[in-house]
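K.L.:
This is the structure, below, for whatever I ask next.
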Amino acid sequence: MHPDKNTTNKTQIRPENPLLLLPTQEKLTLGCPLLDRLLRGGLPCGSITELSGESGVGKTQLCLQLLLSALLPPSHGGLSASSLFIHSEFPFPLRRLSRLPSHFSSSSSDPLDHVFVAAAHSPADLLALLSRADALLARSPSPLPIRLVVVDSVAALFRSDFDNNASDLKRRSSLFFKIASKLKEQARRFGSVVVVTNQVVDVMSNEEGTNGVRIGNYRELLSSGRRVCPALGLSWANCVNTRLFLSRSDEVVGNGESDGLCVSTRTRRRMQVVFAPHLPASSCEFEIKKDGVLGVEAER
């Protein structure tokens, strides 16, 4: 059978790697080239990134920096966007946010005009807030759309009201999945960056990972000389797309007279990629300064 004269015989060309044709995923800068390099450009839109670490390591400070970074134009790694900050540990650190340098934002208006704050007191309260946030994300009161959602911290909401029995553990896992499902839906629907902070707990057993299950790229996580793991267990670990671990350690930098007593120490902080679909096992030292959370070049 001969083809019709008006029919063109077309050959479908398939690329060797179809992923090459996919658009580059939009990312939000952390406000530091070294930290952005660790994360290959920043935090990805459309997914959940967790920052886990002990108290005082810099989780909240980095989140505050992200609020200002989101205001930057895409040409500078930002999203030209406002932010929603949901906090469960009180009060909201307004003074710390106002003290951050203005160079993180190119907006001519007050950066605080583009940060919307809400308080969550329980997991159910957080779910209700996220449901109401749909309207806020769809139509921002600010001239800029809201494309960064921060929950600080998710672990604080689960400190009480749950016992260590089968019924409560099942109910807790159900809430994990509902919260994560809502956050992922909003991340995909609005092209948002979602960041949640998590605390850590001490690892008492000799088994690797959580209950003998290794999670991510690292056999063990150390902070302040202790073996730790992110809180909320394996169920919550399956709810986040990317887990970044922030740790710190104290280093002796000076000695006393002949008695050799320590007179000076310095704190060293590190960010590690525990797991991520787009990142290899890697880490970077960072410092918290007046200029912000900044990476430290590795010594050679």
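The values are calculated or read from the model by the stated rules, or taken from the named source; none is laboratory data. Nothing here was measured: the structure is a model prediction, and the numbers come from that model. Virtual Cβ from ideal backbone geometry, glycine too; neighbours counted across all protein chains shown. The area values use the complete protein model at the heavy-atom level, side chains included, leaving out ligands, DNA and RNA. Shrake-Rupley method; radii C 1.70, N 1.55, O 1.52, S 1.80 Å.
K.L.:
Can you give me the number of residues within the range 163-189 that are more than 17 Å from the chain's Cα centre (by Cα) and open to solvent by less than 40 Å² (accessible area, probe 1.4 Å)?
P.N.:
Matching residues across the range 163-189 total 3.
K.L.:
Would you point out the residue of the range 98-110, among those that are within 17 Å of Cys32 (Cα to Cα) and at pLDDT 80 or above, that is surrounded by the fewest Cβ atoms within 10 Å (Cβ to Cβ)?
P.N.:
Residues of the range 98-110 that are within 17 Å of Cys32 (Cα to Cα), as a first pass: 100-106.
When the remaining residues are screened for being at pLDDT 80 or above, the result is 100-101.
Numbers: Leu100: 21, Pro101: 13.
Taking the candidates together, the pick is Pro101.
K.L.:
Return yes or no: is Ser75 open to solvent by 10 Å² or more (accessible area, probe 1.4 Å), part of a helix (DSSP H, G or I) and either out of contact with any Lys or Arg (no Cβ under 7 Å at 6 or more places or on another chain) or not aromatic (Phe, Trp, Tyr) (or both)?
P.N.:
In short, yes.
K.L.:
Looking at the structure I just gave you, is Ala81 modelled with pLDDT of 95 or more and more than 16 Å from Val151 (Cβ to Cβ)?
P.N.:
It is true that Ala81 is modelled with pLDDT of 95 or more and more than 16 Å from Val151 (Cβ to Cβ).
K.L.:
Regarding Leu84, is this residue under 18 Å from the mean Cα position of the chain (by Cα) and in a helix (DSSP H, G or I)?
P.N.:
Numbers: under 18 Å from the mean Cα position of the chain (by Cα): yes; in a helix (DSSP H, G or I): no.
It is false that Leu84 is under 18 Å from the mean Cα position of the chain (by Cα) and in a helix (DSSP H, G or I).
K.L.:
So, one more: Failed condition for Ala119, given (1) surrounded by 17 or more Cβ atoms within 10 Å (Cβ to Cβ); (2) at pLDDT 95 or above, with all others met?
P.N.:
The number of the failed condition is (1).
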